[in-house]
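Report on the structure given below.
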Amino acid sequence: MNSKSTSSLGSNGSGPSKEGTPVRYNDVSTHVSRDIKLDYGNVLLVPGKMTSVTSRKLVNLICRMDFERTDDSYYEGIPIMAANMDGVGSFDMADALIRHRIFTCLAKMHSEENLVKFFSGDPQRRNYCAVTVGLRHQDREKFRHVHQRSGPIKFACLDVANGHTQRFVSFLEDFRSEFPDVVIIAGNVVTPEQTEILAKAGADLVKVGIGGGSVCETRIKTGVGYPQFSAVLECGQAAREAGARIVADGGCTCPGDVAKALAAGSSFVMLGGMFAGHKEGGGRIITRRFNTGEINGEGKPLLKESRFVEFYGMSSQIANDKHFDGLQPWKTSEGREVLLPFKPSIDETVQDLLGGLRSTCTYLGAENLIDLPQQAKFVQCHDTHNRVFEDSPISDHSISSMLI
Ligand code: 5GP
């Protein structure tokens, strides 16, 4: 292919146009990475040799993390974060997770008044919650006011869909110089190069993950992404070399995936879908009737009611309608909307998750999560687990397929 060839066709291909950008063709083959890149579903952790950690009770999941860029700042808790999404990053969720010493990135759309009220309450909220800040001028203003009015905020999450832009890097640099004492979580990126750039621009924690989320459609709509397990391995290494850490964001479907992310060197794991569907998230609860497949006393189909919670991506049509006056004409929705079975309390989910992590540590011979990466060995595999009963008649999947 001629690398210099150009076209002057208009954007609709109908003829020459002065407005159209000339097309330049590159030799595409030179840009294809042929290394195999992996997702959580392509690997398993290998048990350690004769480990001395004999009981899950002995495993300590509380980590202390010091942040090199921010004097006297540290985190002490479980290295898991609730995502700053509607239905997950709510005040009630944050309070419920604080009881388990788990962190929350609050959703972006909380008002200044509500944030001030929240941070003026339980002092632990400062240690376990980040205020989320977008690129918009009013987001930065809101953070500034909350920081002044409620007392210093310890954690800020600078969150954009694409952290690979000059605008985001400049924004991060500015934010760092205005707030030298705030621990900054910034992203999202998926390459070691951009991780290093964000770390040098002032991020304490670089958020890693594009396109792998449970309600994300970026890979479908744009073709952009990077297999998450490899992104975590590669970006984690780059962050450590630059004196920072990473948060593995998106794509965890079960406690085992969280264990893999931590074992691969991520300092935190951010969860959206796994924490969604609970009462504490504050999502809209919808009651639907479903056909049980049985017949009642009158010979008619036996119907039952079930409660579901609405959950959606923050770039979905519904999120754009709620927060940004609808989808702008130059955009497409990059998130989907789903209904999840309603779960009354996050506590059960947390127990399942933390129980799984303790068990990972005993299998690998790690007394705590800090030791986990040193003990970890992964094996690449085609299938991680046995799916034979996944379509059993009482599974959530088959109930939702009977909805009427
Ligand atoms: P999950 O834990 O649900 O797999 O992934 C959560 C992450 O998905 C979030 O923290 C965020 O980075 C990402 N995310 C949330 N909403 C959207 C969306 O609408 N589009 C895309 N591309 N990513 C999203």
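The values are calculated or read from the model by the stated rules, or taken from the named source; none is laboratory data. This is a predicted model, so every value here is computed, not measured. When we count neighbours, we look across all protein chains shown, and the Cβ atoms used for this are built from the backbone with ideal geometry, even at glycine.
Here are some notes:
- Looking across region 276-304, the residues that are more than 30 Å from Gly213 (Cα to Cα) and of a type in the set (Val, Ile, Thr) come down to Thr292, Ile295.
- Test for Lys200: is it within 23 Å of Glu241 (Cα to Cα), free of Cβ contacts under 8 Å to residues at least 60 places away in the same chain and assigned by TED's automatic domain parsing to the domain that holds Gly243: yes
- Qualifying residue in region 110-126 (condition: β-branched (Val, Ile, Thr) and under 17 Å from Ile184 (Cα atoms)): no
- Of residues in region 323-378 being without any contact (Cβ under 8 Å) to a residue 24 or more places away in the chain and charged (D, E, K, R), the one nearest to Gly77 (Cα to Cα): Asp371
Conditions (1) within 16 Å of the ligand (Cβ to nearest atom); (2) crowded, with 17+ Cβ neighbours inside 10 Å; (3) of a type outside the set (Phe, Trp, Tyr), marked per residue:
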| site | (1), (2), (3) |
| --- | --- |
| Thr349 | yes, yes, yes |
| Thr362 | no, yes, yes |
| Ala366 | no, yes, yes |
| Gln374 | no, no, yes |
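- Residues of region 92-112 include none that is touching a Phe, Trp or Tyr at 6+ places or on another chain (Cβ under 8 Å), farther than 28 Å from Ser170 by Cβ and without any contact (Cβ under 8 Å) to a residue 24 or more places away in the chain.
Okay, residues lined up against (1) within 10 Å of the ligand (Cβ to nearest atom); (2) touching a strand residue (DSSP E or B) at 6+ places or on another chain (Cβ under 7 Å):
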residue: Glu310; (1), (2): no, yes
residue: Gln317; (1), (2): yes, no
residue: Asp321; (1), (2): no, no
residue: Asp325; (1), (2): no, no
residue: Gln328; (1), (2): no, no
residue: Thr332; (1), (2): no, no
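- Condition met for Ile153 (touching an Asp or Glu at 6+ places or on another chain (Cβ under 6 Å) and not charged (D, E, K, R)): no
- Condition check for Met270: closer than 24 Å to Pro344 by Cβ, out of contact with any strand residue (DSSP E or B) (no Cβ under 9 Å at 6 or more places or on another chain) and either part of a strand (DSSP E or B) or within 16 Å of the ligand (Cβ to nearest atom) (or both): no
- Elements of type helices (runs of 4 or more DSSP H) contained in region 169-262, each with 2 or more residues being more than 9 Å from the ligand (Cβ to nearest atom) and under 25 Å from Ser359 (Cα atoms): 228-241
- When every residue of region 282-292 is checked against the conditions, none turns out to be within 12 Å of the ligand (Cβ to nearest atom) and of a type in the set (Val, Ile, Thr).
- Residues that are at pLDDT below 90, surrounded by fewer than 16 Cβ atoms within 10 Å (Cβ to Cβ) and either part of a loop (DSSP other than H, G, I, E, B) or not polar (S, T, N, Q) (or both), drawn from region 27-55: Asp27, Val28, His31, Val32, Ser33, Arg34, Lys49, Met50, Thr51, Ser52, Thr54, Ser55
- Qualifying residue in region 185-196 (condition: assigned by TED's automatic domain parsing to the domain that holds Lys260 and over 28 Å from Gln374 (Cβ atoms)): no
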